[in-house]
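Q: Here it is: the structure, laid out below.
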Amino acid sequence: MNAPAAIATHAGRPSVRQLLAAAPGAVYLLVILCALLAVWRPEFLSAANLTNVALQVAVLVIVSLGMTLVILTEGIDLSLGAVLGLAGVVMGLALVGGYPFPLAIAAALAVGLAFGLANGALIAWAGMPPFIVTLGTLGIAHSLAMVLTHGNSVTGLPAQVRWFNEGQVLGFPVPLVATAVLFLLTYLLLYHTRFGRYVFAIGGNRRALALSGVRVSAYLIAVYAFAGAMAAAASFVMTARMNAAHPTIALGLEFDAIAAVVLGGTSFEKGRGGIVGTLAGAAAVGVLRNGLNLLGVSAEWQVAAIGLVIIGGVAFDSIRGRT
Amino acid sequence: MTQGMLALPRFLARLPADRLFVVVTRATALVAIVLVLSLLSPHFFTFQNLMNVLRQASLQFILSAGLTLVILTGGIDLSVGAVLGLSACLGASLIVSGHVALGIAAALAAGLACGLANGMLVTQLRIPAFIATYGMLWIAHGLTYVFMKGEVIHGFDKGFRFIGAGHVGPIPAPVIAAAILLGLLYVLLHHTRLGRGIYAIGGNPVAARLSGMPVNRYLITVYALSGVLAAFAGLVVIARVNAADPGTGEELLLAAIAAVCLGGTSLFGGQGGIGGTIVGSLILALVINGMNLLNVSTFWQAGGMGLIVLVSVFADQVGGRRVNAAVHHRGGKP
């Protein structure tokens with residue numbers, strides 16, 4: 001449950017101070033960044049640039065939704081970027097090979113699901129640490145994508161693919177609609193189903209959950225499978241935006257996703273956090289990247305800056321949790 | 001079983017069943033790989049190639065040695081590859097302009113700084129090790145690219161290149177460096193207070209803290225050592241290839257972890273050791289050598305490493321547990 005709501009139920013109407021104290025770091029970062037950018041670079045607030053930011057953030061939000069569930073269970077998935085790349089490559093190759101569109105999409109989703117299931121099974125059944133399992137599958141997914149494409153991009157995709165980027169539903173761009181739909185889906189799953197309650201409980205007290213007769217392994221596997229499927233879904237938008245499938249395009253995207261989740265106030269311990277915060281976190285990471293671009297800061301500095309943001313976010317959380 | 005089959009060397013007979021499982025599987029893997037490669041490739045059993053394997057294994061060991069200490073405490077250092085790259089590039093820029101000693105010092109200092117930062121984050125701010133060092137990975141990585149501006153530094157002093165490319169008699173210099181390092185770390189782990197502390201923290205951090213051990217100081221020392229050794233590995237690597245580019249070390253993280261896991265050091269801490277990492281490095285070097293000899297595309301290398309990590313950790317988790325359960329069930333030693 002997100003923090004403001006929790007306070008509201010416990011103490012009646014929360015004071016502004018309580019709300020501010022409970023807001024995740026992303027909200028502060030977002031406000032500060034937007035204020036600074038609006039002053040320094042007025043073009044930041046133009047409709048064109050804001051739409052651009054939203055489109056860029058779409059892929060990150062979708063991946064971060066899955067990552068949030070994984071981190072809520074006190075896990076991590078380092079393979080999501082590589083799996084996204086492999087799913088995109090599989091879809092691209094299937095389309096170029098003349099297979100029908102639905103089949104290509106199903107194949108990509110199957111890749112995401114398969115890697116998620118494998119991650120989950122190794123973590124839940126074999127008791128292996130999540131970061132080591134997903135680091136291993138990162139290597140495997142990356143290798144498969146490189147071998148399938150010989151390291152080249154898959155180009156010459158049929159025009160239908162671009163619908164995922166340029167198409168419109170009710171006047172809204174497809175990437176935004178897709179992100180909204182997947183966000184709502186995850187919201188319902190997390191806050192209105194037994195699965196969702198167990199996700200929080202696995203992070204909170206896995207032993208108690210297991211002792212009360214819940215098949216924790218099955219739910220844990222489902223969480224990683226969900227994250228893998230979301231990465232595959234994100235690959236459709238990514239491939240459409242590039243109009244090509246690159247095997248290495250999303251390597252490191254898991255890093256932005258982890259930053260988004262952490263900034264959004266989800267903790268690596270005790271199942272604290274939620275996906276509303278992640279939305280703010282992804283927006284903050286997106287605005288940070290966009291802002292640094294507008295300010296002419298090179299991509300290399302951006303990488304270092306986001307590394308600092310991750311450590312700073314977790315440190316902030318750790319210090320706040322102690323008081 | 002006959003008496004003869006039970007006549008294991010004494011140190012093996014004293015091992016718990018799951019550790020014996022690790023020793024037996026690794027020995028089998030080593031022998032099997034050597035057999036397969038000598039059957040498949042006529043070039044395998046040549047002096048030149050075996051020396052190549054040894055040098056590759058030594059580089060691998062130097063890189064994985066510090067990480068072994070970290071993993072023994074139950075922690076992890078995901079930044080070793082990136083720290084290697086950053087310190088190698090910093091050092092290279094000075095070495096190439098003639099300041100060899102200064103360059104080496106700068107590289108080691110950079111590694112030390114990153115390692116100390118990791119240690120502080122883990123102990124003082126109590127950030128989980130995998131997330132603190134993951135953040136450090138990207139910070140170091142970003143700084144490397146900023147520093148290098150996409151360029152390559154090459155052409156080092158001959159004296160400096162000795163550490164990576166030189167020979168003492170027929171033996172490559174990195175092999176000697178690795179041997180000295182192995183000796184030092186063995187003494188550190190098994191004959192010093194810090195070494196006992198490392199195993200104690202990995203085995204039971206709460207008990208270690210309650211027994212009055214300076215746990216935080218030990219942990220910071222271990223992460224600092226990991227950073228310094230990553231920097232040293234970086235110097236050996238650039239001396240060997242005679243060039244440093246911002247991508248140096250990028251792909252070495254998975255290999256570094258693979259060698260430690262292959263060496264049978266438990267990711268949960270407290271079990272394993274530096275001797276295992278030597279064996280792990282050797283197996284890994286043989287696998288890479290085999291892939292090269294058999295003309296396997298380098299695209300497969302990341303996947304191969306990933307698979308090796310997964311299989312060896314899986315085998316120890318599941319196989320070791322089974323063996324232990326079987327022994328306890330029978331109520332005796334195998």
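Q: Being within 13 Å of chain B (Cβ to nearest Cβ), buried (at least 20 other Cβ atoms within 10 Å of the Cβ), assigned to a helix (DSSP H, G or I) and touching a helix residue (DSSP H, G or I) at 6+ places or on another chain (Cβ under 6 Å): is that true of A:VAL309 here?
A: It is true that A:VAL309 is within 13 Å of chain B (Cβ to nearest Cβ), buried (at least 20 other Cβ atoms within 10 Å of the Cβ), assigned to a helix (DSSP H, G or I) and touching a helix residue (DSSP H, G or I) at 6+ places or on another chain (Cβ under 6 Å).
Q: Still on this structure: For B:VAL279, state whether it is surrounded by fewer than 23 Cβ atoms within 10 Å (Cβ to Cβ), over 21 Å from B:SER41 (Cβ atoms) and at pLDDT 90 or above.
A: Here the answer is yes, as B:VAL279 does meet what is asked.
Q: If you don't mind, there's one more thing I want to ask. What do you reckon, is A:LEU157 within 18 Å of A:LEU84 (Cβ to Cβ), in contact with a helix residue (DSSP H, G or I) (Cβ under 9 Å, 6 or more places away or on another chain) and assigned to a helix (DSSP H, G or I)?
A: no
Q: Does A:ALA240 count as in a helix (DSSP H, G or I), farther than 16 Å from A:LEU69 by Cα and not basic (Lys, Arg)?
A: So A:ALA240 fits the description; yes.
Q: Pairs please, first residue from segment B:19-35 and surrounded by fewer than 20 Cβ atoms within 10 Å (Cβ to Cβ), second anywhere and hydrophobic (A, V, I, L, M, F, W, C) and outside any helix (DSSP H, G or I), Cβ atoms under 8 Å, 6+ apart in sequence or on different chains.
A: B:VAL23/B:LEU15
Q: List the number of the failed condition for B:GLY197; all other conditions in (1) within 20 Å of B:LEU253 (Cα to Cα); (2) modelled with pLDDT of 90 or more; (3) in contact with a Pro (Cβ under 8 Å, 6 or more places away or on another chain) hold.
A: (1)
Q: State whether one or more residues within segment A:139-160 are of a type in the set (S, T, N, Q), within 19 Å of the chain's Cα centre (by Cα) and more than 9 Å from chain B (Cβ to nearest Cβ).
A: No, segment A:139-160 contains no residue that is of a type in the set (S, T, N, Q), within 19 Å of the chain's Cα centre (by Cα) and more than 9 Å from chain B (Cβ to nearest Cβ).
Q: Moving on to the next point. Pick from B:ALA255, B:ALA233, B:ALA259, B:ALA243: which is of a type in the set (A, V, I, L, M, F, W, C), surrounded by 18 or more Cβ atoms within 10 Å (Cβ to Cβ) and away from chain A (no Cβ under 14 Å)?
A: B:ALA233
Q: Scan segment A:282-306 residue by residue and report those that are more than 11 Å from every other protein chain (Cβ to nearest Cβ), in a loop (DSSP other than H, G, I, E, B) and of a type in the set (Gly, Ala, Ser).
A: Residue satisfying the conditions is A:GLY296 alone.
Q: Of the conditions (1) surrounded by fewer than 19 Cβ atoms within 10 Å (Cβ to Cβ); (2) touching an Asp or Glu at 6+ places or on another chain (Cβ under 8 Å); (3) among the small types (Gly, Ala, Ser), B:SER93 fails just one. Which one is it?
A: If we test B:SER93 against (1) surrounded by fewer than 19 Cβ atoms within 10 Å (Cβ to Cβ); (2) touching an Asp or Glu at 6+ places or on another chain (Cβ under 8 Å); (3) among the small types (Gly, Ala, Ser), just (2) comes out false.
Q: Can I ask one more? Which of the residues that make up segment B:285-311 are more than 13 Å from chain A (Cβ to nearest Cβ) and either within 18 Å of B:LEU63 (Cβ to Cβ) or without any contact (Cβ under 8 Å) to a residue 24 or more places away in the chain (or both)?
A: B:ALA285, B:LEU286, B:VAL287, B:ILE288, B:ASN289, B:ASN292, B:ASN295
Q: Restricting the first residue to segment B:237-261 and requiring it to be at pLDDT 90 or above, which pairs with a second residue that is of a type in the set (D, E, K, R) meet a Cβ separation below 7 Å and a spacing of at least six or different chains?
A: B:ALA239/B:ARG161; B:ASN242/B:ARG161
Q: Identify all residues within segment A:28-85 that are at pLDDT below 85 and either acidic (Asp, Glu) or surrounded by 24 or more Cβ atoms within 10 Å (Cβ to Cβ) (or both); write none if there are none.
A: Selection gives A:GLU43 alone.
Q: If you don't mind, there's one more thing I want to ask. Of the residues A:VAL314, A:VAL285, which is in contact with an Asp or Glu (Cβ under 7 Å, 6 or more places away or on another chain) and surrounded by 22 or more Cβ atoms within 10 Å (Cβ to Cβ)?
A: A:VAL285
Q: Among (1) among the polar types (S, T, N, Q); (2) buried (at least 24 other Cβ atoms within 10 Å of the Cβ); (3) within 14 Å of chain A (Cβ to nearest Cβ), where does B:SER266 come up short?
A: That leaves (2) as the condition not met.
Q: Report, by residue number, each residue of segment B:93-126 that is more than 19 Å from B:LEU69 (Cβ to Cβ) and within 12 Å of another protein chain (Cβ to nearest Cβ).
A: Correct list: B:GLN124, B:LEU125, B:ARG126.
The values are calculated or read from the model by the stated rules, or taken from the named source; none is laboratory data. A quick note: this is a predicted structure, and the numbers were derived from the prediction, not measured. Note that each Cβ is placed from the backbone with ideal geometry, even for glycine, and that neighbours are counted across all protein chains shown.
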